[in-house]
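Take a look at the structure set out below.
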Amino acid sequence: MSAMTQNRLIEPNKRDSSGGIHLKASESFVDTPRVREITERAMAYLEVGYPVHLAGPAGTGKTTLAFHIATRLGRTVSLIHGNDEFGSSDLIGRDAGYRKSTLVDNYVHSVLKTEEKLNVHWIDNRLTTACEQGHTLIYDEFNRTPPEANNTLLSILEERILNLPKLGGGDGYLRVHPGFRAIFTSNPEEYAGVHKAQDALMDRLITIHVDHYDYDTERGITAAKSGMAEEGVTFIVDIARAMRQLGESPHRPTIRACIALAKIITKRGATAHPDDPFFRAVSFDVFADGRHAGVGAAGKGDALERHVELLHQIWSQRQAPGAAENATRQRTKPLRAG
């Protein structure tokens, strides 16, 4: 999940002098058995000192889950977002120039002694700060950063030593604080802008695969974030899950799209119903996810017509006799296309 998280679990927070974030758990966080199960596994690994890697497609709540786990650790958080332009200095810090000091000794009138000293002015970046002060590091979408830049993590995670440039007479390394913990998130390698992570780094992480949440969790998150009534939320989540079965990608629409659609419909006072023209149009815009961009009017019209047919089909299935008793079967049974 990106910075636009769908199951927000931190309230407005404050930073300390190191630039770290003090997190505060939110009462609105949707905590279901599936969320608790993943959280407890991650906590078991982190408590022993192993870094956790939440891997999965975009929109499945990885970043929010990382923040939730970090609140359980109860330490200041240092947040890094992966970036294709990063080098190692963007993680650990860099030389920002020199400081020059001059000492003039004219104690003896006829003798002038001058002593000059040059000191490197070094600025720590967030990884160094986290290692030094024992923060919880959240490295979001770390595989968007080139692998060579991430090489500095290898000694941190294994030997608990951060190698630094030996400047200004320093030791050239920093022993990692015993409280330091790391949580990584990543998107699949086939995504644009994503690098293949080096095997040496992956071997140091314990990976938890995060996919779309179960039905009840998706409904709970959508309701909590939008304020929509249960019937509308259920219909929207049903549509998204059906489109994952029938569409080009098993990962889209995501829960993020469900929240967006529910928020828009609630704000406008519209109804989540296939006969509501506004709902039909907005659900197509949000759930189509730009896939019909550049398509001619005729092609877009055909796609919209198929979308409306799907809305009616899902709605009819939900209203059929016995639908409540067979809800689980209806949610998992593939729908017929077109």
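If you go through segment 90-101 one residue at a time, do you hit one that is at pLDDT 85 or above and touching a Pro at 6+ places or on another chain (Cβ under 7 Å)?
Scanning segment 90-101, I find no residue that is at pLDDT 85 or above and touching a Pro at 6+ places or on another chain (Cβ under 7 Å), so the answer is no.
With the structure loaded, tell me whether residue 240 is closer than 20 Å to residue 30 by Cβ, at pLDDT below 90 and surrounded by 12 or more Cβ atoms within 10 Å (Cβ to Cβ) or whether it fails that test.
Spelling it out, it is not the case that residue 240 is closer than 20 Å to residue 30 by Cβ, at pLDDT below 90 and surrounded by 12 or more Cβ atoms within 10 Å (Cβ to Cβ).
Which of the residues that make up segment 192-226 are basic (Lys, Arg) and surrounded by fewer than 20 Cβ atoms within 10 Å (Cβ to Cβ)?
Residues satisfying the conditions are 196, 204.
For segment 202-240, which positions are over 22 Å from residue 39 (Cα atoms) and hydrophobic (A, V, I, L, M, F, W, C)?
If the condition is that a residue be over 22 Å from residue 39 (Cα atoms) and hydrophobic (A, V, I, L, M, F, W, C), then 228, 229, 233, 235, 236, 237, 239, 240 are the ones that fit.
Taking segment 18-50 on its own, how many of its residues are assigned to a loop (DSSP other than H, G, I, E, B), under 16 Å from the mean Cα position of the chain (by Cα) and under 15 Å from residue 136 (Cα atoms)?
1
For segment 227-237, name all the residues that are surrounded by 20 or more Cβ atoms within 10 Å (Cβ to Cβ) and either assigned to a loop (DSSP other than H, G, I, E, B) or assigned by TED's automatic domain parsing to the domain that holds residue 141 (or both).
228
Can you go through 256, 181 and tell me which one is in contact with a strand residue (DSSP E or B) (Cβ under 9 Å, 6 or more places away or on another chain) and buried (at least 18 other Cβ atoms within 10 Å of the Cβ)?
181 is the lone residue from the list that is in contact with a strand residue (DSSP E or B) (Cβ under 9 Å, 6 or more places away or on another chain) and buried (at least 18 other Cβ atoms within 10 Å of the Cβ).
It is to be established whether one or more residues within segment 52-62 are basic (Lys, Arg), closer than 29 Å to residue 259 by Cα, out of contact with any His (no Cβ under 9 Å at 6 or more places or on another chain) and modelled with pLDDT of 90 or more.
Yes, segment 52-62 contains at least one residue that is basic (Lys, Arg), closer than 29 Å to residue 259 by Cα, out of contact with any His (no Cβ under 9 Å at 6 or more places or on another chain) and modelled with pLDDT of 90 or more.
Can you tell me which residue in segment 301-329 is farthest from residue 272 (Cα to Cα), limited to those that are modelled with pLDDT of 70 or more and basic (Lys, Arg)?
Among those that are modelled with pLDDT of 70 or more and basic (Lys, Arg), it is 306.
Within segment 236-252, restricting attention to residues that are touching a helix residue (DSSP H, G or I) at 6+ places or on another chain (Cβ under 8 Å) and without any contact (Cβ under 8 Å) to a residue 40 or more places away in the chain, which residue is nearest to residue 286 (Cα to Cα)?
237
Return yes when residue 248 is over 26 Å from the mean Cα position of the chain (by Cα) and either surrounded by fewer than 22 Cβ atoms within 10 Å (Cβ to Cβ) or assigned to a loop (DSSP other than H, G, I, E, B) (or both) and no when it is not.
Answer is no for this residue.
The values are calculated or read from the model by the stated rules, or taken from the named source; none is laboratory data. Everything numeric in this text was worked out from a predicted model, so none of it was measured. Quick reminder, even Gly has a Cβ in these numbers, built from the backbone with ideal geometry, and neighbours come from all protein chains shown.
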